[in-house]
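Readers should treat all values here as calculations from the given coordinates under stated rules, not as data from a laboratory. Keep in mind it's a predicted model, so treat the numbers as computed, not measured. All Cβ positions, even for glycine, are placed from backbone atoms using ideal geometry, and neighbour counts span all protein chains on display.
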Amino acid sequence: MNKSIEVKDLDLAFGSVKVLKKLNIDIFEGEFLVLLGPSGCGKSTLLNCLAGLLDITDGQIFIDGKNVTWAEPKDRGIGMVFQSYALYPQMTVKGNLSFGLKNQKVSKEEIAKRIAYAADILQIEDLLDRKPAALSGGQRQRVAIGRALVREANVFLFDEPLSNLDAKLRAELRVELKRLHNRLGNTMVYVTHDQIEALTLADRIAIMRSGIIQQLDDPHTIYNKPTNLFVAGFIGSPSMNFLKGEITDGGKAFKFGNTTMSLDGYDGGKLTDGTAILGVRPEYTTVDTTGIAGKTLEAVVDLDEPMGSDSLLWLTAEGQAMSVRIKAEDIVDKKTVVHLKFDMTKASLFDVNTEQRI
Amino acid sequence: MTAIDVNIEAVEPRGTKPKKVLSNRNIMVYGVLIVAAIYYLIPLYVMIMTSVKGMPEIRMGNIFSPPVEITFEPWVKAWAHACTGLNCDGLSRGFWNSVMITVPSTIISILIASVNGYALANWKFKGANVFFTILIFGAFIPYQVLIYPIVLLLSQIGLYTKLAGLVIVHTVFGMPILTLLFRNYFISLPEELFKAARVDGAAFWGIFIKIMLPMSLPIFVVAIILQVTGIWNDFLFGVIYTKPANYPITVQLNNIVNSVQGVKEYNVNMAATMLTAIVPLVVYFVSGKLFVRGIAAGAVKG
Ligand SMILES: Nc1ncnc2c1ncn2[C@@H]1O[C@H](COP(=O)(O)OP(=O)(O)OP(=O)(O)O)[C@@H](O)[C@H]1O
Ligand SMILES: [Mg+2]
């Protein structure tokens, strides 16, 4: 596959504050890449560097094989959609869509053609003569996307485009975006801190933390084989349960408190005996009323949180709080003692010191 | 039955809460406002009344009584015939001088300051902060320190006592505060709009004229009010940097009122003062409306 965007050793500092550190990333043509990370980790900053809206401190950026490190935003072949929509308030929707094209001296007929095309795709034909103030949030976001669309750019950059919308509209536009991507097939870089958006939209997700990419993988791998403790804890809601214990029996078992569980089926590197952290997701844990003492983990139910389609069970095992996802109809009373079994094929073990997945 | 219904309605709170017209709060607020208004309106009343009385009537002494016989002679005299030293052509010359000083000073200073403010807010260049600090510092330098150096400077370039020289002085002295005003306004506009315009290929002037200016009506109105009233009311620079033929209206007014020949013509003095104050008054009234409209137009999010 051809590389659409290449970032080489990108450094960015605001004065003495280093925000991006030696960042390297390759994004392929037609790929939907999501940048995900906690607030302030540098996602928007990276996007602004790609767009050319920030002067980088060191490194290089290539778009479509061209070195654009010093190029102006307009010359990079990108379209950008902002969180606050950033529609020009004094122009009509049509004016907003054509502003960039007029600056590029595109002919009148061509402008009309492209606006008609974008308006058709985004279903905003009826809104073309309105001012942004007379649009709803979802409509504004569509126009903002349209503004990127008419530029016929190869690369689209999105900075949290849906975060100002309510949950329902967000879900709708998410699907629309995915459809749009399938239809256009261009490269999209999408910043969000909503993990559902990331998992549903992305071909690959880059998880960032304080200016460093922690893991760059497809959603499935990120979810099931997080490369380190941070990624494991960041992805998934509720968060993964972490049990600090010991690998014993030559890497065949994990001892947590008084329970020794078999690590049969663990999908990872070679295990050696010693202290480690076992990460298990609430949804890959089964709850049984009976178990084998010393082999399955005994836990006391604290709380039941029904979520409609399923339920979340909060329990305490060996003095540690844990959560488990169960079927909505499996009602478990408070204070009952249950036995937990973990699906080791979906579990992760982390080194205590490096916090890396083993 | 109906009687009971009415009764229930009176007891059960429902809908808009009734407000007492004569609440303590209202009495306080309106009381203070009325007193303040009277405080400012009485001198105005006296001025207008006096300016339309003849001198014999004024000598009778009651300054609050309305005129028995209305005459506009004092206004005409103030405008066209009042004497200042040797000249006897009234305020009119000073009025036109002031117009010729205020209009270009206001336009030039606002044009430059708005571009300055925009550049400082959106195009962070190297040393922008130092530049800005120096500019702000300039606002705190006492005028007295600069008066004589500027006299020298203006005579060097041959503009001392000329209207153009005074225009330059007003433009320069207005720069710090106006730049600060515009910079703070442009900084408050959403940064993403500016970024979007850059991605859309607009450059420095394109963004300024097509994106920023249409959103800036309110701040321009504020700047115009500041400059027009400030420059129109200026006395110090006018008296220092011009010669009698070029005196602005404020200096002219002073000379009419303080002229020592003959009797004090209170009615002419009052009329002259009113004429001098007309321009700032009109600016406040007209732009007040524009200002509200401008804010309403600027408040559109999107
Ligand atoms: N102009 C600036 N000057 C100094 N520091 C800045 C500037 N802009 C951003 N930063 C800092 O850079 C870091 C990264 O900011 P950035 O906006 O990229 O975060 P983000 O990942 O987009 O966060 P969010 O999810 O909240 O939008 C933050 O710590 C922020 O404080
Ligand atoms: Mg951000």
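The modelled label-to-label distance for the pair B:Asn184/A:Asp343, using points 7 Å beyond Cα in the direction of Cβ, is 6.0 nm.
Packing here is the average count of other Cβ atoms within 10 Å per residue, and on that basis the peptides B:50-61, A:271-282, B:241-252, highest first, run B:241-252, A:271-282, B:50-61. Rounded to the nearest Hz, the phi-derived 3J(HN,Hα) couplings of region B:123-132 under the Karplus curve 6.51 cos²θ - 1.76 cosθ + 1.60 (θ = phi - 60°) are 10, 4, 9, 4, x, 4, 5, 4, 4, 5, where x marks glycine and proline. Helix A:167-184 and the long axis of chain A differ in direction by around 70°, with both axes built from C-alpha atoms. Measuring between their Cα centroids, region A:193-225 and region B:261-282 lie 77 Å from each other. With helices as the sole contributors, chain A gives -7000 deg cm²/dmol at 222 nm; each DSSP H run of n ≥ 4 counts as -39500 (n - 2.57), and the sum is divided by every residue. For chain A, a Gaussian network of Cα nodes joined below 10 Å ranks A:Lys327, A:Lys295, A:Lys252 by mean-square fluctuation, and the top entry is A:Lys327. Charged side chains reduced to their Cβ positions (Lys and Arg at +1, Asp and Glu at -1) give region A:239-351 a dipole of some 200 debye around its Cα centre.
Counted residue by residue at 0.36 nm each, then reduced by the alpha carbon distance between them, the extension gain from A:Asp273 to A:Gln60 reaches 72.3 nm. In plain terms, the chain from B:Leu41 to B:Ile141 could stretch by 32.4 nm, reckoned as 0.36 nm per residue minus the Cα-Cα distance.
Using a Förster distance of 22 Å, how high is the FRET efficiency between B:Ile107 and B:Ala80, based on the Cβ-Cβ distance and rounded to 0.05?
0.15
Contact order for region A:84-173, expressed relative to its length and based on alpha carbon pairs under 8 Å spaced 6+ residues apart, stands at 39 percent. Cβ screening of the protein assembly as shown for cysteine pairs under 4.7 Å finds these without a partner: A:Cys41, A:Cys49.
When the Cα positions of A:Leu10, A:Gln139, A:Phe230 are compared along the charge dipole of region A:3-233, A:Gln139 comes out farthest toward the positive end, with charges on each C-beta of Lys, Arg, Asp and Glu.
In a Gaussian network model over chain B where Cα atoms closer than 10 Å are linked, find which of B:Val169, B:Val145, B:Val257 has the largest mean-square fluctuation. Ranking B:Val169, B:Val145, B:Val257 by mean-square fluctuation puts B:Val145 first. Computed per residue of chain B from DSSP H runs no shorter than four, each worth -39500 (n - 2.57), the mean residue ellipticity at 222 nm is -22000 deg cm²/dmol.
Note on A:Lys102/B:Leu236: beta-carbon distance plugged into 1/(1 + (r/R0)^6) with R0 of 51 Å gives a FRET efficiency of 0.55. Annotation for B:Val21 and A:Lys18: the two label points, set 7 Å from Cα along the Cα-Cβ direction, are 7.3 nm apart. Residue by residue along B:188-196, Cβ atoms of other protein chains within 10 Å of the local Cβ number 6 on average. Among B:Val228, B:Val46, B:Val199, the largest mean-square fluctuation in a Gaussian network model of chain B, built with springs joining Cα atoms closer than 10 Å, belongs to B:Val199. The loop-placed chymotrypsin sites (Phe, Trp or Tyr not before Pro) in region B:122-171, going by DSSP, that have at most 15 neighbouring Cβ atoms within 10 Å of their Cβ come out as B:Trp123, B:Phe125, B:Phe140. Using a simple spin-label model with pseudo-atoms 7 Å out from Cα toward Cβ, A:Thr221 and A:Thr336 lie 4.1 nm apart. Once you've got the Cα coordinates, tell me which of A:Lys94/B:Lys210; A:Lys113/A:Lys178; A:Lys22/B:Lys124; A:Lys66/A:Lys178 are over 20 Å apart. Those over the limit are A:Lys113/A:Lys178; A:Lys22/B:Lys124; A:Lys66/A:Lys178.
Karplus-derived 3J(HN,Hα) values for region A:104-121, using 6.51 cos²θ - 1.76 cosθ + 1.60 with θ = phi - 60°, are 7, 6, 6, 5, 4, 5, 5, 4, 4, 5, 5, 5, 4, 5, 5, 5, 5, 4 Hz; glycine and proline are entered as x.
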